[in-house]
Amino acid sequence: MPQDAFTIKYIAEELKNALTGGKISKITQPARDELTFIIYTAKGNVKLDACLSAQDSRLSLSADEKPVPQNAPNFCMLLRKHLQNAEISDVRQPDFERIIYFDLKCVSDFSASVMRLYFEIMGKYSNAVLCENGVIVGALKTTAIGDNTKRVLFGGVKYQPPEPQDKINPDDVAAMDCVLLTPCPDKAKQISEKIKGICYATALEIVNFYGGNPTGSEIYDYIFNMRREPCVTYLDGNPHDFKVRSSEKDKKIYPDLLQAQSEYYSYVYNKKLFSGKKHRLESALSAAVKKTEKRLAAIRQKLLDCRDAEDIKLKGELLTANLYAVKRGDDRFKAVNYYDANGGTVEIQLDTALTPAQNAQKYYKKYAKLKRTQTSVCLQQDETLQKLDYLNGIASNIRAAENIFDLEETEQELTQLGLLKLPPERKKKPAEIPYRVYFADGFEILAGRNNVQNDRLTRSLAPEDIWLHTQKYHSSHVGIVTGGREVPDNVLLTAAEICAYYSDGREGNKIPVDYTRKKYVKKPPKSNAGFVIYTNYETLLADPDGHGEKAKKNE
């Protein structure tokens with residue numbers, strides 16, 4: 001992202017036009033290195049995001065909703081104290097630096113003052129500093145007195161801007177020409193390293209624009225005089241960067257740079273949010289799966305321990321049949337196995353402290369205990385296998401997720417299972433997430449995103465609608481809304497391909513997909529979310545296909 005002084009120059013100009021005269025009505029700090037300002041302007045409320053982290057540092061307008069912590073950090077409280085209802089009188093970029101400052105008229109019931117809020121957009125050195133009459137009131141990232149630093153940042157000291165880099169100012173055409181005369185195989189690198197306020201991405205655009213070897217005057221014109229063409233560039237169909245102007249062909253033009261920047265960072269934020277949530281859900285689920293697999297292994301070991309039950313019973317029977325031949329005090333007895341056609345013998349261990357009859361009863365009691373254990377453990381094994389299958393079904397939903405909507409109700413599901421704890425600000429029940437919706441030859445096709453939606457989708461279908469699910473794979477439930485009409489084969493195939501696409505068989509082909517009328521689909525009482533049984537079905541083979549061209553854009 002080219003957050004260099006060149007780009008910030010245009011950001012500052014557009015922020016000035018958009019925010020001057022506006023009043024700050026709300027200040028929050030969603031994360032340690034982020035600040036959000038709600039500003040009331042003549043055109044309505046505007047949200048200004050200040051991201052001051054090492055990555056994606058910027059000032060941008062945004063429409064994304066971010067969670068607000070219950071307790072505001074100290075710097076946020078300081079800003080609220082001084083800047084609540086403050087009017088923005090000016091927005092500027094000083095000396096072609098990666099800094100934007102806001103001049104603010106602060107009026108309260110007892111005093112009036114003018115303050116300046118600096119946003120230093122410098123990667124890992126990014127910061128926000130509030131000053132009054134050139135003296136620091138507070139900073140997002142402060143330095144201690146004992147720190148070995150040339151620049152002191154804490155309340156009560158004079159604000160000093162970051163030390164300037166030893167580079168040529170882009171308005172010094174003669175100096176730029178002198179540097180550019182030096183041969184260099186990578187002209188863009190030479191420009192970004194020698195000329196102030198230009199990052200490599202911008203320098204590359206300059207080199208491409210002027211055919212490989214720009215002059216000082218051309219660089220000056222590119223920076224200060226050329227018409228802007230704000231855009232978002234794309235790579236493999238996804239937003240890749242935003243720029244003041246670009247020579248790349250795969251791009252989308254916007255009316256202003258703020259809008260291009262907002263669209264790009266909205267994509268970045270939602271992608272990061274999606275990746276973070278997906279990882280969180282996968283981690284919680286993985287721990288539950290491992291715990292369940294460990295329990296299943298313990299159950300199977302118990303079943304192995306019970307495999308000798310019939311031998312124990314046999315020894316009890318043989319001992320009972322031969323009580324007359326067993327002497328008290330014997331530690332073993334060899335009995336003829338009358339179940340063996342070859343007349344084999346079985347050696348029976350005896351407890352010398354017990355009578356022959358007591359030894360026989362001991363074997364019967366052990367057999368009865370093993371049979372009770374076996375019956376109980378078999379039930380536990382069935383329940384554990386069902387649970388493991390259910391958890392693997394949730395894992396399949398998470399793997400098939402493509403955006404944040406696909407994970408919302410899965411997060412609720414894991415929370416209800418006790419595998420996740422939602423933060424306090426997320427305990428309110430969120431709005432219902434829409435299904436994936438497709439249209440094919442006048443028929444509406446619905447696909448669930450997760451187990452919760454699968455249940456809701458199945459309930460919503462009419463008795464004569466078509467219901468689909470992959471055979472022997474976890475998958476989304478898919479429904480065709482028939483409206484009483486016969487479903488053509490091509491529509492049925494489309495629905496089956498979508499079902500196969502959102503299944504564990506996504507990487508294969510010729511996936512078997514079962515389909516039946518909804519009236520033949522039943523959900524057993526107290527069964528897990530997404531679990532159903534169905535009858536009167538037929539099966540067709542389908543290659544996985546997401547059919548994005550037929551999807552309704554409801555995300």
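The alpha-carbon of LYS369 sits under 19 angstrom from the alpha-carbons of these aspartates and glutamates, leaving out residues fewer than 8 places away in its chain: ASP305, ASP308, GLU310, ASP311, GLU317, ASP351.
With every protein chain kept in place and ligands, DNA and RNA left out, what is the accessible area per residue of the stretch 1-96? Probe 1.4 Å, answer in Å². Kindly include the intermediate steps, with their values, before the conclusion.
On the way: 4410 Å² over 96 residues.
It amounts to 46 Å² per residue over the stretch 1-96.
Going down the table (LYS251/LYS552; LYS150/LYS243; LYS327/LYS366; LYS294/LYS519), which pairs top 30 Å between alpha carbons?
LYS150/LYS243; LYS294/LYS519
The angle separating the long axis of helix 200-209 from the principal Cα axis of greatest extent in the chain is about 60 degrees. For THR143, the residues 5 or more places off, or on other chains, whose built amide H falls under 5 Å of its own are LEU153, PHE154.
Loop only per DSSP, at most 16 neighbouring Cβ atoms within 10 Å: give me the chymotrypsin sites (Phe, Trp or Tyr not before Pro) in the stretch 113-217, ordered by residue number. Can you show the working numbers first?
Values: sites: TYR118, PHE119, TYR125, PHE154, TYR159, TYR200, PHE209, TYR210; in loops: PHE154, TYR159, TYR210.
Passing both the DSSP loop test and the Cβ count: PHE154, TYR210.
Remark: relative contact order (the stretch 1-122) = 26 percent; criterion is Cα-Cα distance under 8 angstrom and separation of 6 or more residues. Amide H contacts under 5 Å for HIS477: GLY448, restricted to partners 5 or more places along the chain or on a different chain, H placed in the peptide plane at 1.01 Å from N. In the structure displayed, which of LYS23/LYS81; LYS313/LYS334; LYS16/LYS47; LYS47/LYS272; LYS43/LYS252 lie more than 22 Å apart, Cα to Cα? Over 22 Å Cα-Cα: LYS43/LYS252.
Counting only other residues whose beta carbon sits under 12 Å from that of GLN29, what net charge do I get with K and R as +1, D and E as -1?
On the way: positive: LYS26, ARG32, LYS66, ARG80; negative: ASP33, GLU34, ASP49.
Combined, the nearby Lys, Arg, Asp and Glu give +1.
Rolling a 1.4 Å probe across all protein chains gives VAL114 an accessible area of roughly 90 Å². Taking Cβ atoms as reference points and 13 Å as the exclusive limit, the residues near ALA63 contribute a net charge of -2, counting Lys and Arg as +1 and Asp and Glu as -1.
Against the chain, whose longest principal axis is taken from its Cα atoms, helix 257-305 shows a tilt of about 20°. Per residue, the average separation of C-alpha pairs within less than 8 Å and at least 6 apart gives the stretch 332-485 a relative contact order of 15 percent.
With all protein chains present and a 1.4 Å probe, how do SER246, SER89 order by accessible area, largest first?
Details: SER246 15, SER89 45 Å².
My answer, sorted largest first, is SER89, SER246.
Cα axis of helix 405-416 to longest principal axis of the chain: angle in degrees, 0 to 90, nearest 10? So the inclination is approximately 50 degrees.
In the stretch 460-519, a dipole from Cβ-located charges (positive for Lys and Arg, negative for Asp and Glu) runs towards its positive end, and of ILE480, LEU461, THR494 it is LEU461 whose Cα lies farthest in that direction. From the list (1) 44.6; (2) 25.7; (3) 31.7, can you say which value of mean projected area of the Cα convex hull in nm² was derived from the structure given? Checked against the structure: label (1).
Which of the trypsin sites (Lys or Arg not before Pro) found in the stretch 366-468 are in a DSSP loop and have at most 10 neighbouring Cβ atoms, other than their own, within 10 Å? Numbers along the way, then the final one.
Numbers: sites: LYS366, LYS369, LYS371, ARG372, LYS387, ARG399, LYS421, ARG426, LYS427, LYS428, ARG436, ARG449, ARG456, ARG459; in loops: LYS421, LYS427, LYS428, ARG449.
Those that pass, being in a loop and sparsely packed, are LYS427, LYS428.
Give me the mean projected area, in nm² to one decimal, of the convex hull enclosing the Cα positions of the stretch 77-140. List each step's numbers first, then the result.
Working: hull surface 18.4 nm².
Averaged projected hull area, Cα only: 4.6 nm².
The alpha-carbon of LYS523 sits under 25 angstrom from the alpha-carbons of these lysines, leaving out residues fewer than 8 places away in its chain: LYS387, LYS429, LYS472. Around the amide H of ILE348, modelled in the peptide plane, lie the amide H atoms of PHE333, LYS334, ALA335, all under 5 Å away and 5 or more residues distant in sequence or on another chain. Per residue, the stretch 170-301 exposes 53 Å² of solvent-accessible protein surface, assessed with a 1.4 angstrom probe and all protein chains in place.
Counting other Cβ atoms within 10 Å, keep those with at most 11, restrict to DSSP loop, and tell me which GluC sites (Glu not before Pro) in the stretch 60-108 are left.
Numbers: sites: GLU65, GLU87, GLU97; in loops: GLU65, GLU97.
Those satisfying the criteria are GLU65.
Note on THR345/LYS366: beta-carbon distance plugged into 1/(1 + (r/R0)^6) with R0 of 25 Å gives a FRET efficiency of 0.75.
Of the residues LEU281, LEU354, GLY343, the one whose Cα sits farthest toward the positive end of the charge dipole of the stretch 239-359, with +1 on the Cβ of Lys and Arg and -1 on the Cβ of Asp and Glu, is LEU281. Distance between the 7 Å Cα→Cβ label points at SER266 and ARG80: 2.8 nm.
Taking all protein chains as present, what is the carbon and sulfur share of the accessible area of the stretch 279-381, in % to the nearest whole number, probe 1.4 Å? Roughly 52 percent, rounded to a whole number. Only helical runs count toward this figure. For the chain, summing -39,500 (n - 2.57) over DSSP H runs of n ≥ 4 and dividing by all residues gives -12000 deg cm²/dmol at 222 nm.
The values are calculated or read from the model by the stated rules, or taken from the named source; none is laboratory data. Because the structure is a prediction, the values reported are computed rather than measured. Don't worry about glycine lacking a Cβ; one is built from the backbone with ideal geometry, like all the others, and counts go over all protein chains shown. Heavy atoms of the whole protein, side chains included, go into the accessibility calculation; ligands, DNA and RNA do not. Shrake-Rupley method; radii C 1.70, N 1.55, O 1.52, S 1.80 Å.
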